[in-house]
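The values are calculated or read from the model by the stated rules, or taken from the named source; none is laboratory data. Keep in mind the model is a prediction, meaning the values are calculated, not measured. When we count neighbours, we look across all protein chains shown, and the Cβ atoms used for this are built from the backbone with ideal geometry, even at glycine.
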Amino acid sequence: MDLSVITATRQRPGSLLQCLGHYHSQSTGGLKTELIVVSDGPDRQTEFLARQPGVRYLATPSPGGKAGSLAKDLGLQHARGTYVCFWDDDNVYLPHALATLYAAAQDADIGVVRVHHRLRKTRGMVILPRQWSGKFVPGDVDTMCICVRTELAKQEPWFEEIPGPGTDIRWLKRLEAYQPLIRYVPVIIGTHC
C-alpha cells in the first residue's frame, strides 16, 4: 500500500459523501491507496456510507471531540500505507490531489503542497503556504497541505491533554523535532472550506 488517507468525521453525512466522491474521482496512475473513515463515536449512517471499495470504517468508542484528534490517532494506528495524509470531509480536492501529495513526499519524510484556504475572519481566500520557508509556521499551513511517512506520523499522537485551536500545527511542530526531510512542491490540490 502506497498511501493511506484518513478522514475523521462526526455525523456529517453530506460532507462525507462529498469527500468519498473526491476520493473515488482521483487520478492515481497506479498509486495504491486506501481511505480510512474514522467516526468520532459510533455512527451507523457513517458506517453505511463508508461501505465502498477501498474504504475502511473505524469509530472511536465514544465521541471525544478534541478537533478530531482521537479519530486521527485511531486512523493512524490502522494505516497500512507507506505514507499518510489527512482529508477533512468538508474540503474540496482536485482530481490530482492524491498523486501530488504522494509525489511531494517521495524521497522525503514529509511532502508539502499548496491549497486555497478561506480565511474565517476576513472571508477572503489565500494560498497556503504563502511562502515556504522550510519550517511549519502557524497560520501558514494546513493539514490538507501535507503527506507524511507513516512511520514518522505514528511517532507523535494528535491527541493532547490540553486541547485548543491549531491541533494540526502543534502536531507538525512535534514532528519537526525529529528533523524530517521535508520536500515542497508548489502545486495547488484543492480548497480548504
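Residues in segment 61-81 that are part of a loop (DSSP other than H, G, I, E, B) and either surrounded by fewer than 16 Cβ atoms within 10 Å (Cβ to Cβ) or within 14 Å of the chain's Cα centre (by Cα) (or both): Pro61, Ser62, Gly65, Ala79, Arg80, Gly81. Selection over segment 1-19 of residues that are outside any loop (DSSP other than H, G, I, E, B) and buried (at least 19 other Cβ atoms within 10 Å of the Cβ) gives a count of 9.
Arg130 meets each of the listed conditions (1) among the basic types (Lys, Arg); (2) part of a strand (DSSP E or B); (3) surrounded by fewer than 18 Cβ atoms within 10 Å (Cβ to Cβ) apart from (2). May I ask you to verify whether Thr143 is of a type in the set (S, T, N, Q) and touching a residue at least 60 places away in the same chain (Cβ under 8 Å)? No: the conditions fail for Thr143.
Examine segment 31-41 for a residue that is touching a residue at least 60 places away in the same chain (Cβ under 8 Å), in a strand (DSSP E or B) and farther than 21 Å from Trp171 by Cβ, and state whether such a residue exists. So far as segment 31-41 goes, yes, one or more of its residues are touching a residue at least 60 places away in the same chain (Cβ under 8 Å), in a strand (DSSP E or B) and farther than 21 Å from Trp171 by Cβ.
Evaluated against (1) at pLDDT below 95; (2) closer than 15 Å to Ile110 by Cβ, Gly166 falls short on exactly one condition, (2).
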